[in-house]
Amino acid sequence: MKNLIYKSMFPLFSLYCAISDLLKGRIDLRICGGFGLIGLISIMAGSHHPDLPAFIPGFLLLLLALLSGERIGYGDALYFLLAALFLKLDQLILLFASALLLCCLISLLLLVRTRFSKEAALPDALPFLSITGMSTLLLLGAGVLP
């Protein structure tokens with residue numbers, strides 16, 4: 001039973017972050033804290049053992065958010081920090097790379113749709129967590145993520 005709870009938390013967390021980022025442009029720290037607490041409880045219950053190096057990408061994103069004046073959002077950094085409670089480093093890097101690839105493809109489609117026009121109204125930024133959520137679902141469906 002505890003393994004089922006552990007395995008269902010990361011997809012739920014990703015889905016919440018994706019929808020919240022798309023609709024509000026931010027994620028609620030209280031809800032993220034709840035998911036983080038569930039991740040810590042599952043670790044203490046022995047469902048899995050955390051991969052400590054998996055926290056590095058989240059900390060690097062947090063540092064980039066601080067240094068860039070939040071051009072990379074704190075929510076993105078928080079997502080990857082909390083995802084480290086559920087994923088190993090290689091899975092986290094794969095998720096990050098697939099989200100970046102999906103962002104590139106969506107950006108390219110937007111450029112093609114506007115025919116590379118300078119006057120076209122393109123968004124300043126794509127909602128990265130929403131795209132990360134899509135990547136999570138794709139990787140879960142392919143059986144790459146737990």
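Rule-based calculations on the coordinates, nothing more; no lab input. All values derive from a computational prediction rather than experimental measurement. Glycine also receives a Cβ, built like all others from the backbone with ideal geometry; neighbour counts cover every protein chain displayed.
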For the stretch 21-122, listing chymotrypsin sites (Phe, Trp or Tyr not before Pro) in a DSSP loop whose Cβ sees at most 14 other Cβ atoms within 10 Å gives 116
Hits for the chain under the membrane-span-like helix rule (DSSP H, Cα axial span at least 15 Å, Kyte-Doolittle mean at least -0.5) are 2-24, 29-44, 56-67, 89-113, 128-141
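Please state, as a whole number in µm²/s, the translational diffusion coefficient that the Stokes-Einstein equation yields for the stretch 2-141 at 4 °C and 1.567 mPa s, with Rh defined as the Kirkwood radius across alpha carbon pairs.
My calculation gives 82 µm²/s for D.
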When the charge dipole of the stretch 1-92 is computed with +1 at the Cβ of Lys and Arg and -1 at the Cβ of Asp and Glu, the Cα pointing farthest to the positive end, of 14, 41, 66, is that of 41
Quick calc of log₁₀ I(q)/I(0), the stretch 1-83, Debye, one scatterer on every Cα, no solvent, q values 0.19, 0.24, 0.25 1/Å, result -0.87, -1.20, -1.25
Between the modelled labels at residue 43 and residue 111 (7 Å from Cα along Cα→Cβ) the distance in nm is 4.0
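What ranking do 131, 31 get, fewest neighbouring Cβ atoms within 10 angstrom at the top?
Working: 131 22, 31 13.
Taking fewest neighbouring Cβ atoms as first place, the list is 31, 131.
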With R₀ set to 30 angstrom, the calculated FRET efficiency between the beta-carbons of residue 7 and residue 93, to the nearest 0.05, is 0.90
